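The values are calculated or read from the model by the stated rules, or taken from the named source; none is laboratory data. Treat the numbers as computed from the prediction; the structure is a model and nothing was measured. Counting neighbours? That spans all protein chains shown, and the Cβs are built from the backbone with ideal geometry, glycine included. Remember, those area values only see protein heavy atoms, side chains included, never the ligands or the DNA or RNA. Shrake-Rupley method; radii C 1.70, N 1.55, O 1.52, S 1.80 Å.
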Amino acid sequence: MTEIAKKPIKITETILRDAHQSLIATRMTTEQMLPIVEKLDQVGYHSLECWGGATFDASLRFLKEDPWERLRKIRARAKNTKLQMLFRGQNILGYRPYGDDVVEYFVQKSIANGIDIIRIFDCLNDLRNLQTAVKAANKEGGHAQIALSYTLGDAYTMEYWTNIAKEIEEMGANSICIKDMAGLLLPYAATELVTALKETVKIPIQLHTHYTSGVASMTYLKAVEAGVDVIDCAMSPFALGTSQPATEVMVETFKGTPYDTGYDQKLLSEIADYFRPIRDEALESGLLNPKNLGVNIKTLLYQVPGGMLSNLTSQLKELGAEDKYYEVLEEVPRVRKDFGECPLVTPSSQIVGSQAVMNIVGGERYKMVTKESKDLLSGRYGKTVKPFNPDVQKKCIGDTEVITCRPADLVPNELETLEAEMAKYKEQDEDVLTYALFPQVATDFFKYREAQQTKMDASVADTKNGAYPV
Ligand code: CO
């Protein structure tokens, strides 16, 4: 066994992205973020995660903000710290595979607007779905991190993880992230996994987990002792529960040890003071549900992410079938097995979840099948780690052609078409990408933006008229 070098641990701060995505449905506004960015920039974090994931959609849809503008404003204030984003492989930040030209252009523009590190993942861990984004990040001089969607199951042996890590290194990724969206990685399993990965690859290993199941800070401790390079934490007002372990707690834990971050607790406590009223406000308005702050042991029992549990609850409520909750929970692993034992992360978590609901509420398994289930079973999301259940596949898709190539090979380049469709709304180059990801939401946003400008112009004209009476 190789000797593990003991070195200061690095931290990625998630308060501007995953923390509020996990706790308050991604509703933190740019206005709430900006006053504290300069202080966050002084901490000395490895990186500041502030973009991608659901932030893009939520900014446009609910906050009526231009996500690109947010990124530029954060970049202008964070002069020293690397900015990081989460990127869903060939789906970018949307829900379908895009043409390679759109993926490349999105990566180019993200980096041009201020992103340094792009964390790229695929819900099936099919590395072919990450190729284009990784190449584009390399080309633009960005740091391409590949995140492995962590999950449990027969297929996910140590051999699986080390083999795929080797492939990632060979692909030209700059680092690997173990992305444990459900909080399934237990402390001693973390020792084993991190040790094995450190022995296999030379590129840095980062660990991302959620507190949902209550083990996260213990998992970090064991992972750090096993040599992990970076851990993802959130400032305490938006930590724990479905979010990450608290930054200040992890910093204090390693103080005076070889893993000491050297971060200034006084500065961290000033940052926490800033975010606390935002948390209080969210608790008061109900945006932050105290239920999300406790330990949800069901995630360990059923191995499903917290977000998926709440989706299932709301789907069943809509169908008036709330009494079927536990039956559906037990159906989830069965569907997952039929579907090639895929990890459960966006979008596979939604596909498996919705199908489990239909199987139980419909009274017969696979009598009703979603379009997404059919696409998955015909290879349109990529390759799963295990083969599909052939009987289920037959029942769901019949004689539909099954593809085995990289799904995006079947998607032609589409930038030009998209440009033509949205030309009349275009105010900046990035608008075509916004439109590509969420055509309807983007169009609504563009119209809103135009209306705001007209209003502003009118009020400027009014003031002028008032100041200079004719
Ligand atoms: Co996360």
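The set of residues in the range 14-44 being basic (Lys, Arg) and more than 16 Å from the ligand (Cβ to nearest atom) consists of 27, 39. Among the residues making up the range 164-210, those that are open to solvent by 40 Å² or more (accessible area, probe 1.4 Å) and either closer than 30 Å to residue 238 by Cα or within 16 Å of the ligand (Cβ to nearest atom) (or both) are 174, 186, 188, 191, 192, 204.
Residues of the range 12-33 that are open to solvent by less than 30 Å² (accessible area, probe 1.4 Å) and over 14 Å from residue 243 (Cβ atoms): 30, 33. When the residues of the range 1-13 are filtered to those that are more than 14 Å from the ligand (Cβ to nearest atom) and among the β-branched types (Val, Ile, Thr), which remaining residue is nearest to residue 271 (Cα to Cα)? Filtering the range 1-13 for residues that are more than 14 Å from the ligand (Cβ to nearest atom) and among the β-branched types (Val, Ile, Thr), the one nearest to residue 271 (Cα to Cα) comes out as 11. Cβ separations smaller than 9 Å between residues 6+ apart or across chains give the following pairs from the range 27-52 residues that are free of Cβ contacts under 8 Å to residues at least 24 places away in the same chain to residues that are outside any strand (DSSP E or B): 31/65. Scanning the range 138-152 for residues that are farther than 14 Å from residue 123 by Cβ and either surrounded by 18 or more Cβ atoms within 10 Å (Cβ to Cβ) or in contact with a Lys or Arg (Cβ under 6 Å, 6 or more places away or on another chain) (or both) returns 142, 143, 144, 145. Restricting 447, 424, 395, 383 to those that are at pLDDT 95 or above, more than 24 Å from the chain's Cα centre (by Cα), among the basic types (Lys, Arg) and under 27 Å from residue 346 (Cβ atoms) reduces the list to 395. So, in the range 42-56, how many residues would count as being buried (at least 19 other Cβ atoms within 10 Å of the Cβ) and not in a loop (DSSP other than H, G, I, E, B)? The total comes to 9. Every condition in (1) assigned to a loop (DSSP other than H, G, I, E, B); (2) more than 24 Å from residue 122 (Cα to Cα) is met by residue 369 except one, and the failing one is (2). Of the conditions (1) in contact (Cβ under 8 Å) with a residue 60 or more places away in the chain; (2) within 16 Å of the ligand (Cβ to nearest atom); (3) of a type outside the set (Gly, Ala, Ser); (4) more than 26 Å from residue 262 (Cβ to Cβ), residue 55 satisfies every one except a single condition; which number is it? It fails just one condition, (1).
Would you check if residue 6 is open to solvent by 60 Å² or more (accessible area, probe 1.4 Å), in contact with a His (Cβ under 6 Å, 6 or more places away or on another chain) and of a type in the set (D, E, K, R)? In short, no. Given the criteria outside any helix (DSSP H, G or I), free of Cβ contacts under 8 Å to residues at least 24 places away in the same chain and not charged (D, E, K, R), does residue 262 qualify? Judged against the criteria, residue 262 is not a match. Quick check on the range 131-154. Is at least one of its residues within 16 Å of the ligand (Cβ to nearest atom), without any contact (Cβ under 8 Å) to a residue 60 or more places away in the chain and farther than 18 Å from residue 411 by Cβ? Yes, that holds for at least one residue. Does the range 216-229 contain at least one residue that is within 16 Å of the ligand (Cβ to nearest atom) and open to solvent by 20 Å² or more (accessible area, probe 1.4 Å)? Within the range 216-229, one or more residues are within 16 Å of the ligand (Cβ to nearest atom) and open to solvent by 20 Å² or more (accessible area, probe 1.4 Å). Taken residue by residue, the range 93-105 has at least one member that is within 16 Å of the ligand (Cβ to nearest atom), under 23 Å from residue 50 (Cα atoms) and under 18 Å from the mean Cα position of the chain (by Cα).
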